[in-house]
Amino acid sequence: MMKTGLLFLKLFMLVLFSFLSGCQEDEVTVINPPADQVIKPNSEEIKLLQRVALKDGSSDNIIDHASCLSLLFPLKVTVNGIVVFINSDDDLGAVEDILDEFIDDDDEIEIQFPITVTLENYDQVIVDNQGELDNLIEGCIEGGLDDDIECLDFKYPVKVSLYNSGSQVAEVVTIGDDEQLYNFFIDLKNDDLANFIFPVTVILSTGTEALFYDNNSLRDFIKDTIYDCDEDDDDDHNDDDAVDEIAFQNVMTDGEWIITYYFEDREDKTSKFENFSLVFSADGTFTATNGISLFQGTWQIKADDNGLELEFDIGEESLKELDENWKLIDFDDGKIRLRDSSGGNTTYLTLERP
């Protein structure tokens, strides 16, 4: 009886061990996704995605003339002798206003050092003087030929599944911006396999959104879209290449405008238009009134490779200076700045809300 019981115990332990071993093997069994559905280190997909995620430094080119680095705000600069404190990109307009005030002066911008700059790979560097900054700038490739792909952006957050074939550990990573995406792919190890959790949405430079359901179509779309837009990575702060014609027309036709600045022949002649207000209609007509008389004219927007032009035509003698082809410098909901360069002279015109 004792031998029979001992034999039964041995058989039970053997069956239990086999069962537990089987359970353990089931826990670590991982089914790898198809090879064409994973993103591997050093692959073409990785390089394209990193280029999309690079930091674009062109927004502050008016100061540093370099698209591959960004100035970290706050910043103090002296523009043509005027001190300007810059706390955000919005303050760069004040720098532009000073530079555009006179056409025959030698513009000069002095940066108060030390400053911190962010490189396109998101590394930050402390710069102690202009010479050190110039050395960094020399490494930039300008004119839209740099590595940064700006014609599309990911709509965040995105989720990526990550699997390490060595440790057999799988996880899901949520990515909230370009910097996190760039660093995620930089940190991938040789035995890491990654894959977006689809669908993934990208936003084109036009504002249009596109939806993707696999890596292959996303990769091919990025390759086809690299040069589909003008990145405006240059030093000409007055060209406004990326101006939306429809958006500009909507601002023009939304309410009343007055002339707050008219500079011609090196002289401020704004007072000539002091009592006039202008109203533009979508049908291409506009009215100008000084409270006593009402004058009518026409206007139209023209677009070319250099941006937008605004053409006025009005017969009133007191408003004849407006009859020019004005180059659009910039605009927002409350201000429109224009420039006319003809006959060897440059004239500036600014419209604002009353």
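A few notes on this one:
- Cα-Cα over 31 Å, subset of LYS76/LYS223; LYS155/LYS189; LYS40/LYS155; LYS76/LYS189; LYS55/LYS159; LYS269/LYS302: LYS76/LYS223; LYS76/LYS189
- Our estimate of slack between GLU179 and ASP283, defined as 0.36 nm per intervening residue step minus the Cα-Cα distance, is 32.9 nm.
- Rounded if a/c under 1.5, otherwise prolate or oblate - the stretch 58-138, Cα gyration tensor axes: prolate
- Cα gyration tensor shape of the stretch 250-354, rounded if a/c is under 1.5, else prolate or oblate by comparing a/b with b/c: rounded
- One decimal place: the segment PHE113-GLU317 gains 68.2 nm when fully extended, by the rule 0.36 nm per residue minus the C-alpha distance.
Computed from the coordinates by the stated procedures, all read-outs in this text should not be read as laboratory data. Quantities reported herein were computed from a predicted structural model and do not represent experimental measurements.
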